[in-house]
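Take a look at the following structure, please.
The values are calculated or read from the model by the stated rules, or taken from the named source; none is laboratory data. Just so we're clear, the structure is a prediction, and the values are computed from it rather than from any experiment. Positions of Cβ are generated from backbone atoms using ideal geometry, with glycine treated the same way; all protein chains shown enter the neighbour counts. For accessibility, only protein heavy atoms count, side chains too; no ligands or nucleic acids. Shrake-Rupley method; radii C 1.70, N 1.55, O 1.52, S 1.80 Å.
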Amino acid sequence: MARRRKLEAPSSADLSKLEEEFRSETSGAGSGRGLAPIAQVAADSAALSQPSSPEDRTRLAHLERREADLRGAETEGRLLVDLPVGDIDADAMVRDRSVIDAGEMLELRLSIAANGLRLPIEVYELPEVDEAGAVRYGLVSGYRRLMAVRELLGLTEDDRYKTIRSIIRPAAEADAAFVAMVEENEVRSELSQFERGRIAVLASQQGAFLNVEDAVNKLYATGSKAKRSKVRSFALIFEELGDMLEFPDALSERRGLKLAQALRQGGEAILREALAERSVASGEEEGALIDAVIASMDAPKPDPKKGGRPKSRKHVSGWQNAETLVTSSGITIRRQTDSEGYLLRFEGSKVDADLMDSLVEEIRTLLEKP
């Protein structure tokens, strides 16, 4: 039988020794030493779950809002960035401005050199990348500004002209991009009628619109019916004579509408022949040549069955009576009245829908004057 061991109460010295050993074993608790793994995990979790101060929470919420705003601005195309001028393809879209005035470009270069670029250009990301794998951009608006900055870089080699302030627009349909370009140029500098017709034809040829009619209606949706009718007339001129005209932007609205009417009446061949046979030195000289051809088309044709000199057909213009006015172009205007008011009737072979649209627009402008 085992002998029982007699238990004795520890002395004060023994208790002091045990307490000292316990303190030495637990003195590393603040640094993680001396704790079991589960105890360390519990300590770390407790430290992380301590509530932050109201100031820290406010600052964190503010930063999260700013980050969301920045992401939204980038997605919606509201963020300004500096892009290398060499990464922008100025010809990714057909431009509506066909002629750039040298004097205006010099003035723009001087302004940018003195005051910097006041208005950023607009671009969009192209689907393809360059050989180095970098993203390239197509120009939407700001052609003259981009050209001016590139010219300044070539003249000065200044580092500040190596990039240009830009807005990266989100990828959009081609028709929306053309509309944005036209709207900017319509506001900043008036386009000529020929430029309006030209961009409508080219945009439709690139597939951005179903046809020229659709292009005109969408590009100039905010314009009046008469304005769209005029654009269609100049679009016809670009389609049939664009390769023959030396000074197309010098065409006045009145001369252009007469030219379009002559083309609708089958005058393309005779006009192309006349323009090909004679070289012109100015827009006015070219306009005079066009007028002469149109006049010859309007002249009465001699009847080969009749002998002798053909009689010339004369138009007697002016008021024939109180209700009838004959114009020099052969159009007759008759004024009538009824119980509701006055009526105007236009007669003649040259009266068509485009002419009536223009007349209605002129009458509206006259009546809306203060």
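Let me check I've understood the local charge: for Gly138, count other residues with C-beta under 9 angstrom from its C-beta, Lys and Arg +1, Asp and Glu -1. What total comes out?
Surrounding charge for Gly138 is -2.
Okay, moving on. Give me the accessible area of Arg169, 1.4 Å probe, in Å² rounded to the nearest 10.
Arg169 has an accessible surface of roughly 80 Å² with all protein chains in place.
Sticking with this structure for a sec: May I ask you to rank Lys258, Lys17, Lys227 by accessible area, largest first, using a 1.4 Å probe over the protein chains only?
Reading off the accessible areas and sorting them downward yields Lys17, Lys258, Lys227.
Here is a further query. What's the local net charge at Ala226, with K and R +1, D and E -1, over the other residues with C-beta under 9 Å away?
Computed value for this residue: +1.
Note down the net charge around Glu107, summing +1 for each Lys or Arg and -1 for each Asp or Glu among other residues with Cβ under 12 Å from its Cβ.
0
Related question: Of Leu146, Leu108, which has the most accessible area with a 1.4 Å probe, and how do the rest follow in descending order?
Sorted descending by solvent-accessible area, the residues read Leu108, Leu146.
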